[in-house]
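In what follows, a structure is listed as structure tokens, so that the remarks can point back to it.
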Amino acid sequence: MSELSIVAHKMVEKNKGILAADESTPTCNKRFKNLKIESTPESRNFYRNFLFTSLDIEKYISGIILFDETFYQTELSSGMTFPEYLISKDILPGIKVDKGLEDFGSSEKLTQGLDGLSKRLAKYYSLGARFAKWRAVITPGDGIPTDDCILANAKNLAKYAVKCQQTNLVPIVEPEVLMDGSHTIDDSFDITSRTLNTVFDQLQKHKVNLQGIVLKPNMVLSGYNCSYQADITEVAEKTINCLSAHVPAEVPGIAFLSGGQPDEDATMHLNEMNKYETDWNLTFSYGRALQQPALKAWSGKLENVEKAQAVFIDTAKANSLATAAGL
Ligand code: 5MM
């Protein structure tokens, strides 16, 4: 097996999943502000430090996606950089490398970040990163998403994936169909199908080695404002059917994003999907669904850190069990 394939398999290993801790500074500011926590480089370092040093984290977490600022920050008791510290715990360090969203027409988005990407990837690899992440955003709505927007995002994802693999970094390919909106679960199914179809077509056209990627898709859900909310079994069935129709068997694993679902729903959907026989390992790459309970338990107070770490580990453990339908 190639280095890429070995790392990709390790990222989606059974009983483990990925912690998405790659919130950009504006997103982190927003999450902190909701709980009246001051957001400074020091408070963000402190928060990531206590999450990553939670007892037994390595039993449940295979890899952590970092934002550039965090990549250069340090584990506070050893002074090691976070990538060095994670490697010492046998957790793979990853890095978000897209540069965010730009308008595409009046109501859609195109992810940016290809300029200078190869150079940035080589630097991150030399400092310990073993995988990268690029998120494309597809917006359901009136007359959208357009085929043009899906194609433009898929091309950028494929170009990013090629550059990652040239640098021996496993690309997480993240085409996110947003869950906000009043679209039905069948709309979500159709849009996710169109998106995955175009993404894999572009990955194949660009000759991306599919054994050396991890797919990070949305689940197929009812839009949050839709009057009919599909239950856990329907979400699992429709998501599996959608993925089975579009994701080639060579892909080692699928690590879902949580997309703002209630934490327990994200866990139970993953658990239900793992009752199916699939070609790929199914795990999590959650941001909010893994962090929200711990962030709330901490609320910026020193005396709450131990409790917040315990809450984080409970959440990680529940999701680890869900990767084997163990709940
Ligand atoms: C969709 O967001 C990704 C997964 O997080 P959720 O499980 O909460 O949906 C997440 O990795 C996201 O891409 C990062 O937090 C970076 O987001 P921003 O908006 O700061 O680029």
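Computed quantities for the displayed model
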| item | result |
| --- | --- |
| Helices (runs of 4 or more DSSP H) contained in the range 213-327 and holding at least 3 residues open to solvent by 40 Å² or more (accessible area, probe 1.4 Å) and either touching a Leu at 6+ places or on another chain (Cβ under 7 Å) or of a type outside the set (Lys, Arg) (or both) | 232-246, 263-273, 305-322 |
| Filter pass, Pro26 being open to solvent by less than 10 Å² (accessible area, probe 1.4 Å), closer than 28 Å to Lys155 by Cα and within 16 Å of the ligand (Cβ to nearest atom) | no |
| Where Glu42 falls short, out of the listed (1) within 16 Å of the ligand (Cβ to nearest atom); (2) more than 24 Å from His9 (Cα to Cα) | (1) |
| For Val170: the one exception among (1) closer than 25 Å to Gly260 by Cβ; (2) within 16 Å of the ligand (Cβ to nearest atom) | (1) |
| Tally of residues being in contact (Cβ under 8 Å) with a residue 40 or more places away in the chain, farther than 24 Å from Thr323 by Cβ and surrounded by fewer than 23 Cβ atoms within 10 Å (Cβ to Cβ) across the range 51-97 | 5 |
| Of all residues making up the range 130-166, the number that are more than 15 Å from the ligand (Cβ to nearest atom) and closer than 30 Å to Met80 by Cα | 6 |
| Within the range 54-113, helices (runs of 4 or more DSSP H) holding 1 or more residues that are among the basic types (Lys, Arg) | 57-60 |
| Inter-residue pairs, beta-carbon under 8 Å, first within 27 Å of Lys14 (Cα to Cα) and small (Gly, Ala, Ser) and in the range 299-327, second assigned to a loop (DSSP other than H, G, I, E, B) and open to solvent by 80 Å² or more (accessible area, probe 1.4 Å), 6+ apart | Ala318/Leu327; Ala324/Lys14; Ala325/Lys275 |
| Residue tally, condition touching a Phe, Trp or Tyr at 6+ places or on another chain (Cβ under 9 Å) and in a helix (DSSP H, G or I), over the range 153-192 | 8 |
| Residue in the range 86-109 that is β-branched (Val, Ile, Thr), modelled with pLDDT of 95 or more and farther than 21 Å from Leu203 by Cα present | yes |
| The range 282-319: number of residues that are more than 13 Å from the ligand (Cβ to nearest atom) and touching a Lys or Arg at 6+ places or on another chain (Cβ under 6 Å) | 1 |
| Residues being open to solvent by 40 Å² or more (accessible area, probe 1.4 Å), among the polar types (S, T, N, Q) and within 15 Å of Glu176 (Cα to Cα) - total across the range 122-154 | 1 |
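The values are calculated or read from the model by the stated rules, or taken from the named source; none is laboratory data. Bear in mind the structure is a predicted one, so any value in this text is a computation, not a measurement. No Cβ is skipped: glycine too gets one built from the backbone with ideal geometry, and neighbour counts run over all protein chains shown. Protein only, heavy atoms only, side chains kept; ligands, DNA and RNA dropped before computing areas. Shrake-Rupley method; radii C 1.70, N 1.55, O 1.52, S 1.80 Å.
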